[in-house]
1. Every residue in region 286-341 that is assigned to a loop (DSSP other than H, G, I, E, B), of a type in the set (D, E, K, R) and buried (at least 17 other Cβ atoms within 10 Å of the Cβ), please.
2. Output the qualifying pairs, or none if there are none: Cβ atoms under 6 angstrom, residues six or more apart or on different chains, first residue in region 261-287 and free of Cβ contacts under 8 Å to residues at least 24 places away in the same chain, second residue basic (K, R).
3. Would you mind finding the one in K268, K282 that is under 25 Å from K191 (Cβ atoms) and in contact with a Lys or Arg (Cβ under 9 Å, 6 or more places away or on another chain)?
4. Please verify whether region 214-225 includes one or more residues that are modelled with pLDDT of 85 or more, surrounded by fewer than 17 Cβ atoms within 10 Å (Cβ to Cβ) and in a helix (DSSP H, G or I).
5. Considering only residues of region 79-97 that are of a type outside the set (A, V, I, L, M) and touching a Lys or Arg at 6+ places or on another chain (Cβ under 9 Å), which is modelled with the highest pLDDT?
6. Quick one: how many residues across region 50-87 are under 30 Å from Y229 (Cβ atoms) and among the charged types (D, E, K, R)?
7. Please count how many residues of region 226-245 are part of a strand (DSSP E or B) and in contact with a helix residue (DSSP H, G or I) (Cβ under 8 Å, 6 or more places away or on another chain).
Amino acid sequence: MERMVADGRVVLTPRGQIRLKRYLSESSGQLSRILKSIPTAAHARELAFTSLFIPEFVSALGYADSETLYDVGAMHADVVLAPAVGARPWIVIEIKNRAAHLDDRSLRQLRTYMLELGSLFGVIIGSSQIAVDDGETVELLNLADLSDADTIGLLNRLARWAQSENEIKPGRVAIADLIAQVETASTNQDKGRSLEDLASLLFSDVPSLHCKYRNLNTRSSEIDLVIEYRGSKLNIPLFDELGRYCFIECKNWSSPVGVAPVRDFLGKLRKSKTQLGILFAKNGITGEGTGLDALREIQSAYDRDGTFLLVFSLADIKQVKDGADFIALLDQKSDNLRFDL
């Protein structure tokens, strides 16, 4: 240890943890060797392959044993890399060591795990391929053709030191960051994604709620976010009353949302027999006397069949400090609609 300190190979983190400094060329060479050895061990049973491969793989990426968790979540993801048990993971890893090629079914399964756990990256290890999913695109690499540039690219995205930029910030800090992104987004794609990210964060900060699907394409429509309620950690009266699912629609528009999009959203709720929908509208909705009375349409839907469509503007979200604040505001808005306040 004294020699490593003298050589500048030991670093203390701001929290006082000891880290071993490794140079990119060293880590790249180690990772390349490990990945290229996969085909020779791919015939092993999955458990044996996992116990042999994963410790070396995550060590090459710079993760500690305490940050490597196995068989995680309700869907039993093979491996996750996370700051601690119960924390939002950086990476979900699925092992398909006997699969010669990684097909669409495996990639869809990985994306489902990522959505369930809220991870930033997903990785599938096959017998001859590795796939990396960042939530938007999938990079598929053939292990036999793996170049130095490919390995360095994997390190730049997946290594432990790279996650310092992807740390999940707690409470108000993370919400404020995403509010700033919503306000400054310029392209339509960035506008939509930033508001969806903000909506997803607000729900993921609440125990018992998580984002099950994002941009879900059905036979007849697209749903921005589908939130699932699991009441084992925290009972939420509104969800206990209205059921398991909640639909989210996000409109990062420069003007209030009118009656036509509101009717469309109510149609999605009725078709799926979902009683709760939340519209995140940057500048709110049109009100009485505008000629496009979205507010009246929402009240009429509740009076007619008990459908709750609650509206959150960006001004509303700026009042929220954390998940508890968000649930309190959700409860207040549901009372406003129920009692026609």
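The values are calculated or read from the model by the stated rules, or taken from the named source; none is laboratory data. Computed from a predicted model, the values in this text were never measured in an experiment. For neighbour counting, all protein chains shown are included, and Cβ atoms are generated from backbone atoms with ideal geometry for every residue, glycine included.
1. Initial filter on region 286-341 (assigned to a loop (DSSP other than H, G, I, E, B)): 286-293, 306-307, 313, 318-322, 339-341.
This time we only want the ones that are of a type in the set (D, E, K, R), so: 288, 293, 318, 321-322, 340.
Across region 286-341, the qualifying residue is only D293.
2. Going by the 6 Å Cβ cut-off, there are no qualifying pairs.
3. Numbers: K268 fails: in contact with a Lys or Arg (Cβ under 9 Å, 6 or more places away or on another chain).
Within the list K268, K282, the selection yields K282.
4. No, the conditions are met nowhere in region 214-225.
5. Our first condition is that a residue be of a type outside the set (A, V, I, L, M); within region 79-97, this holds for 83, 86, 88-90, 94, 96-97.
The next check asks that each one be touching a Lys or Arg at 6+ places or on another chain (Cβ under 9 Å); those that pass are 90, 97.
Values: W90: 90, N97: 87.
Here the answer is W90.
6. The qualifying residues number 3.
7. Kept after step one, since they are part of a strand (DSSP E or B), are these residues of region 226-245: 226-229, 245.
Those left that are additionally in contact with a helix residue (DSSP H, G or I) (Cβ under 8 Å, 6 or more places away or on another chain): 227, 229.
Result for region 226-245: 2.
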